[in-house]
Amino acid sequence: MFWSKKLSSNTVIASPETNPRNHSGNGGRSHQNLLAEARAQVRFEEESDSVFMALANFAGNAILAGVAIVSAFGMATIVLCLYLIVRPFSVSIARRLSAQLGASSWLDALSLIMPNVQIKLTGDSDIPSPVGTSILVSNHMMDGDWFAILMLGRCVGLRGTIKAFLRNEILNLNQPSERSLTRTNSTSSTRMMRSPSHVTVNGSPQRTTTSSGTSNGRHPHPVDLSLAAKFLHTFLEFPLLNGDDYITDRENLFQLLRSFADNDGAAAPVHLLLFPEGWSLYNEENRKDVLARSNEFAKRERRPQLKHLLLPKTTGFNASLDSLRESSPVVYDVTIAGRGYDGSLPPKFDLSIISLWNLLRRDYPQQVHVRIKRYSMEEVLADSSWLDKKWAEKDRLLHHFARHQSFPADRGFARYRVFESRTHSIETSLVSLFRLLLVPCFIPVLLLLSIPIVWTVTWLWIFYSSFKIVFGTDGRPNANTSDGGATPRPDSNPGTPFVPATPFASPMLNW
């Protein structure tokens with residue numbers, strides 16, 4: 001470039017008419033034309049490379065999406081067959097097999113399909129125990145933060161036994177009854193007249209929060225996500241919280257949670273994952289306004305005011321504690337933050353399977369820090385404000401993480417254990433992915449054998465049910481026993497238990 005500038009300043013270039021080189025074909029082109037052609041060629045090559053890369057990325061994503069869909073279909077086929085064939089005879093065996101062959105295999109397959117996530121775990125115990133029942137309460141980092149916890153559970157051996165609470169206000173799985181709608185509308189109108197937090201902006205009333213922090217407005221119906229959640233709730237028994245009609249659905253929720261505590265959870269271990277904040281309920285609202293309303297409610301109720309978190313809701317947490325008391329579950333306080341967290345509030349998110357796919361494939365943090373602290377059920381029940389205190393502690397931990405990009409090294413906490421979601425037990429992941437991709441190939445055979453299979457299972461279930469009615473579950477004839485399996489003393493009054501099934505149900509606790 002230096003010589004060309006010098007030539008243009010000190011040399012007079014002949015005109016096209018007087019320059020004889022212009023009459024010799026391509027050899028007579030000026031230097032400016034050659035530079036322009038070179039630049040055009042470079043731009044064309046860059047655009048071609050960008051188009052080729054875009055097509056390659058599109059083809060790669062399409063292939064991975066197809067593999068994910070086929071593997072999900074294979075997982076659904078396995079779970080459905082277990083639900084129809086095994087569950088009529090034993091619920092616990094069906095749950096264990098669904099977790100091992102269905103949910104766990106699909107998580108192994110997802111670890112290969114999704115980008116690698118490095119999980120740095122620290123806590124006051126080695127790892128969450130895969131035995132028995134437990135409750136994991138976690139803060140909300142972003143939509144899709146459950147993926148990191150599911151991958152962590154896969155790495156530490158929980159094997160598909162984590163079941164996250166679903167929100168009916170978002171997924172619309174159960175439509176509220178007319179009675180509940182009338183009760184909700186009357187309660188909302190009363191609170192709007194009394195509550196100073198109900199404001200009007202540009203002539204339209206804004207959403208108000210109830211005393212439990214829930215929103216009165218309904219969310220758009222994400223059909224694809226609702227279908228997936230319906231499958232998780234029906235066949236994999238993910239608990240469903242219905243804030244719109246909790247009184248009506250309460251018995252169904254408690255019945256499902258109590259079934260997890262049968263036999264102390266030894267037959268089919270279950271670990272319930274709960275995000276008590278409920279940020280997803282406010283996707284259509286400004287995050288700072290939601291946090292301000294939460295702190296206003298906390299100040300009015302004399303509960304902790306937080307900078308990075310919403311005040312936790314207690315419905316699902318209390319329901320889990322009340323239902324799992326017989327199995328004495330362990331409670332894990334989980335604090336999660338991704339690399340690059342700067343203390344900002346969780347972003348808004350369009351709830352759909354396509355949006356979740358794009359989030360997990362492109363925008364998910366490559367490194368996630370998880371801090372776990374273990375509590376016994378007695379410690380939790382001894383403090384009525386345990387959840388509020390833990391959330392105030394989480395708020396301080398997140399403030400520290402935003403400054404130092406790591407959680408504080410408290411005394412008694414183990415050093416970081418690092419897990420790579422993609423390379424951890426990669427041979428098991430490859431086998432699981434191959435198995436799930438092969439399952440849909442056998443669907444024609446299953447359809448061909450469906451009639452004899454259904455006929456055989458039906459008769460076996462009839463014989464099995466008759467055997468249970470006549471001889472009892474342990475193979476011995478039924479005896480007249482009181483509730484809870486204990487034989488009452490002859491001198492005891494009718495209706496008075498000799499040995500209560502659980503001490504929490506004993507009337508002597510009030511003495």
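The values are calculated or read from the model by the stated rules, or taken from the named source; none is laboratory data. On a predicted model such as this, the values are computed, not experimentally measured, just so you know. Cβ sites come from the backbone with ideal geometry, for glycine too, and all protein chains shown count toward neighbours.
Restricting the search to region 322-338, which residues are surrounded by 20 or more Cβ atoms within 10 Å (Cβ to Cβ) and either farther than 19 Å from Arg374 by Cα or not polar (S, T, N, Q) (or both)? Write out each step before concluding.
Initial filter on region 322-338 (surrounded by 20 or more Cβ atoms within 10 Å (Cβ to Cβ)): 323-324, 327, 329-337.
Answer for region 322-338, where residues must be surrounded by 20 or more Cβ atoms within 10 Å (Cβ to Cβ) and either farther than 19 Å from Arg374 by Cα or not polar (S, T, N, Q) (or both): Ser323, Leu324, Pro329, Val330, Val331, Tyr332, Asp333, Val334, Ile336, Ala337.
Which one of Ser328, Ser376, Ser384 is more than 30 Å from Ser226 (Cβ to Cβ), without any contact (Cβ under 8 Å) to a residue 40 or more places away in the chain and polar (S, T, N, Q)?
Ser384
Determine if region 88-95 includes at least one residue that is under 20 Å from Val431 (Cα atoms), touching a residue at least 12 places away in the same chain (Cβ under 8 Å) and within 21 Å of the chain's Cα centre (by Cα). Steps first, answer last, please.
Going residue by residue through region 88-95, those that are under 20 Å from Val431 (Cα atoms) are none.
No, region 88-95 has no match at all.
I need the full set of residues from region 89-148 which are β-branched (Val, Ile, Thr) and either buried (at least 22 other Cβ atoms within 10 Å of the Cβ) or not in a loop (DSSP other than H, G, I, E, B) (or both), in order please.
Val91, Ile93, Ile113, Ile119, Thr122, Thr133, Ile135, Val137, listed by residue number.
Within region 73-93, which residues are of a type in the set (Gly, Ala, Ser) and more than 21 Å from Ile451 (Cα to Cα)?
Selection gives Ser90, Ser92.
Scanning for something over 30 Å from Lys373 (Cβ atoms) and either within 18 Å of the chain's Cα centre (by Cα) or aromatic (Phe, Trp, Tyr) (or both), does region 119-129 turn up at least one residue?
no
For region 278-307, enumerate the residues that are at pLDDT 90 or above, surrounded by fewer than 21 Cβ atoms within 10 Å (Cβ to Cβ) and not in a helix (DSSP H, G or I).
Matches in region 278-307: Glu301, Arg302, Arg303, Pro304, Gln305, Lys307.
For Gly132, indicate whether it is out of contact with any Leu (no Cβ under 6 Å at 6 or more places or on another chain) and of a type in the set (Gly, Ala, Ser).
Numbers: out of contact with any Leu (no Cβ under 6 Å at 6 or more places or on another chain): yes; of a type in the set (Gly, Ala, Ser): yes.
For Gly132, the condition - out of contact with any Leu (no Cβ under 6 Å at 6 or more places or on another chain) and of a type in the set (Gly, Ala, Ser) - is met.
Quick one: is Leu84 under 30 Å from Asp262 (Cβ atoms) and in a helix (DSSP H, G or I)?
Against the criterion (under 30 Å from Asp262 (Cβ atoms) and in a helix (DSSP H, G or I)), Leu84 qualifies.
So, of the residues in region 339-379 that are assigned to a loop (DSSP other than H, G, I, E, B) and among the acidic types (Asp, Glu), which turns out to be surrounded by the fewest Cβ atoms within 10 Å (Cβ to Cβ)?
Per the stated criteria, the residue is Asp342.
Starting from region 339-358, keep only residues that are over 23 Å from Ser111 (Cα atoms) and in contact (Cβ under 8 Å) with a residue 40 or more places away in the chain, then list their pairs with residues that are among the hydrophobic types (A, V, I, L, M, F, W, C) and in a loop (DSSP other than H, G, I, E, B) whose Cβ atoms are within a distance under 6 Å, requiring at least 6 positions of separation or different chains.
Pro346/Met142
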